[in-house]
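Following: one structure in structure tokens, then a few remarks.
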Amino acid sequence: MNFFKLVPLALAGMVLSAVLSSPGFSQQPQPAQPQPAQTQPVQTQPAQPQPVQPALKAQEHAANLDVGNTPTRTDMYCSGFLTNERIPEKMFVAGGHNSPDQTRYAGASDTIFIHGQGMKEGDRYQIVRLVKDTNNYEVFPGQKSALHKAGMPYLELGIVKVTDVQKSTAIASFELSCADVMPGDIAIPLVEREAPPFRKVTLDRYTPPTGKPQGRIVMAKEFDTFLGSKYKAYLNIGADKGLKPGDYLRATRTYSYSYHDPVAGLSLKATDYDDTQKDPHRLPSGELSSLPRRTLGDMIVLNVQRKSATAMILTALEDIAVGDGVEMMDISDAPVLAPISPSFTNAPQPEAANTSTTPPKITCSASPTSLRAGESASISCEAVSPDNRPVNITYVANGGKLSSNRNQATLDTTDAGPGPIAVRATAFDDRQLSASTVVNVNVEAAAPAAPTAQKLMELDYKPNSGYVDNRSKAVLDDVALKMQQDPNLNAVLSGSADSGEPRSLGLQRAQNAMAYLTKFKGIDPQRIQAKAGTEPGRKVEVWTLPAGTTLPGAAPAQPPQGTSQQEQPQTTQPPAAEQPPALQPPAAEQPPATQPPPAEQPTATPQPTPPPGN
């Protein structure tokens, strides 16, 4: 089986073959991206090889697919840096407007508090953070040692302006946000940086060393490993090597480095040649340095420290990795190009800076302005910019829950207590100029829940018996206690009988339970209603009715309570002769203490008499 080498040696063989067939090494073209000296129509005949042209040696930015542009303000102030000089930490972020609920601040409407001495209104500070790589893996051998010499890594998080100072705390708002600012981040006085010009430089794919200062990419922003256009690289050369902002460097990689790299060199484990080759020549490992050095792309220096520099990748002909080399380029003859602005941007051009600095205007209203807890209010806002700038709106409230969509917001008061809720709406434009307004929504206490009838429990009876046994009495004792504690509470006793029992037994069971409550617990009969239930069963349902409520279901079969014994219909008072013998409980079940004297027992609720001989 044949094994094919993926990258290094095959590429080297192709390069050597091209060199031998070309008039000279310096005339070597780049096969992937040819650039003729003059613009020619694209040839669509792959079978006819194109002649080698000397002008193909140079590659310009316009000929590459992955090309950067002029550094922006974000590039200049948000790229981070390495320094071996400790940054003063006497001023730091202590919190923000919504502390401790909020710990990350980056929005245009966010306010942070800086603790320290010597600050005054109008001062501008850059927020930075000393960081560490939690991954102990070295991208290239000796990376930790190189970083130790170059300095400690700092992230640049944003620029803020002090609006007020109280005691040893400054109140500041964002002018530029790069990343989330958190408590503990460091504030240092802002040093203005001028963006370097963008030049039209050319790249030779295989440029030999020129003798200019060389260094290495020892780290990247946010600990990236592979870099492309617009990525930020940290170098181990700086002002000590004559580097300054605006300088251009080429990224380089030797084949010796690729062959010995533990990852890129994995291809060496495969066979180098085809099985049909007889006695192929092999390049001695000691001759790897004779292969040309590859140019991977170029970069522009953004800021410089004493022994380090931050650069932005402009052109990436292929992946650039941490550990690759850099070499300063000669750009004395490279013309300066005008910045390229995207067609979709609404940012003002530098040469046409907007001299007007009028902040937006915003008005808001709430509907309704007063509601009960649990209801929602709509907040409608109108925001305009006198300078015709794009405007966004943010909302915050000191209560309830807010959900917003552009110029509309909804305030949910489900969990809010009674009282006013202030909703602040802030309009800000792309220059971070802002204006705010506050609308108040008054929240009233939620309406009390309407009282409803409640079924407390059921009393169970033996077949063909209306006797109130001890278990039922214990239940009725609880009912009596509730009614004694709440004088406005009434009760309904709904008695039922099984299909094989007399129809009148259900009402008699309810009347017997009522007699227990009125005679032995002292409950006013006017507060109790006994009725026949509609569902079959040997039971009495006990319902409580707060004032102003009625029992759900059919109307009671019994007239209102409180009528005299003579006024009650005889249909609810069956004669003793008609009562079934099963209603007479044995003497053991009938406690004498619960039997009222015959003279006091109402005819509507007859209580059975024990058998003779008791």
Review point. Amide H to amide H under 5 Å from residue 203: which residues, 5+ apart in sequence or cross-chain, H placed 1.01 Å off N in plane?
Key: 59, 60
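Return the FRET efficiency for the residue pair residue 380, residue 148: r is the Cβ-Cβ distance, R0 is 56 Å, and the value is rounded to the nearest 0.05.
Values: r = 59 Å, r/R0 = 1.04.
Efficiency, from the Cβ-Cβ distance: 0.45.
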Review point. With r defined as the distance between the Cβ atoms of residue 482 and residue 398 and R0 fixed at 45 Å, what FRET efficiency is calculated, to the nearest 0.05?
Key: 0.60
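Listed highest first by mean packing, meaning other Cβ atoms within 10 Å per residue, what order do 456-468, 80-92 come in?
456-468, 80-92
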Exercise for review: Could you sort 489-497, 111-119, 134-142, 203-211 so that the peptide with the highest average Cβ count within 10 Å comes first and the rest follow in order?
Suggested key: 489-497, 111-119, 203-211, 134-142
Check your understanding: Once you have the alpha carbon radius of gyration of the stretch 91-193, what is it after dividing by 2.2 N^0.38 Å, with N set to its residue count?
Key -> 1.23
Check your understanding: Amide H to amide H, which residues 5 or more places from residue 296 or on other chains are under 5 Å from it, using H placed in the peptide plane?
Key -> 251, 252, 253
Exercise for review: Count charges around residue 528 for me, please; just the other residues with Cβ under 13 Å from its Cβ, Lys/Arg as +1, Asp/Glu as -1.
Suggested key: +4
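Past the 21 Å Cα-Cα mark, which pairs from 144/221; 90/120; 161/401? Mind showing how you got there, number by number?
Details: 144/221 16 Å; 90/120 15 Å; 161/401 30 Å.
Result: 161/401 exceed 21 Å.
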Revision key, fill the gap. Karplus ³J(HN,Hα) for the stretch 394-404 (6.51 cos²θ - 1.76 cosθ + 1.60, θ = phi - 60°; Hz, whole; x = Gly/Pro) runs 10, 10, 9, 9, 9, x, x, 10, 10, 10, 10
Practice item. Report ³J(HN,Hα) in whole Hz for each residue of the stretch 167-173, in order, from the Karplus equation J = 6.51 cos²θ - 1.76 cosθ + 1.60 where θ = phi - 60°; Gly and Pro get x. Key: 6, 9, 10, 9, 9, 9, 10
Review point. How long is the gain from residue 370 to residue 136 if the chain were fully straight, where each residue apart is worth 0.36 nm and the alpha carbon distance is subtracted?
Key: 78.3 nm
Study note, to complete from the structure: Full extension between residue 263 and residue 470 adds, at 0.36 nm per residue less the Cα distance, a length in nm of 65.7 nm
Point to revise | Counted charge near residue 227, where neighbours are those whose Cβ lies closer than 10 Å (Asp, Glu -1; Lys, Arg +1) | key: 0
Practice item. Excluding residues on the same chain fewer than 8 positions from residue 519, give the lysines whose Cα lies under 19 Å from its Cα. Key: 473, 482, 531
**Study point:** Convex hull projection area averaged over all views, the stretch 408-467, Cα basis, nm²
**Key:** 8.9
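Excluding residue 427 itself, what net charge comes from residues whose Cβ is under 14 Å from its Cβ, given Lys and Arg +1 and Asp and Glu -1? Could the numbers behind the result be given before it?
Values: positive: 361, 389, 406, 424, 431; negative: 382, 387, 429, 430.
Spelling it out: positives minus negatives among the neighbours equals +1.
Any read-out appearing in this document is the output of simple, stated calculations on the displayed coordinates, not a laboratory observation. Quick caveat: nothing in here was measured; it's all calculated off a predicted structure. Please note: Cβ atoms are built from the backbone with ideal geometry, for glycine as well, and neighbour counts cover all protein chains shown.
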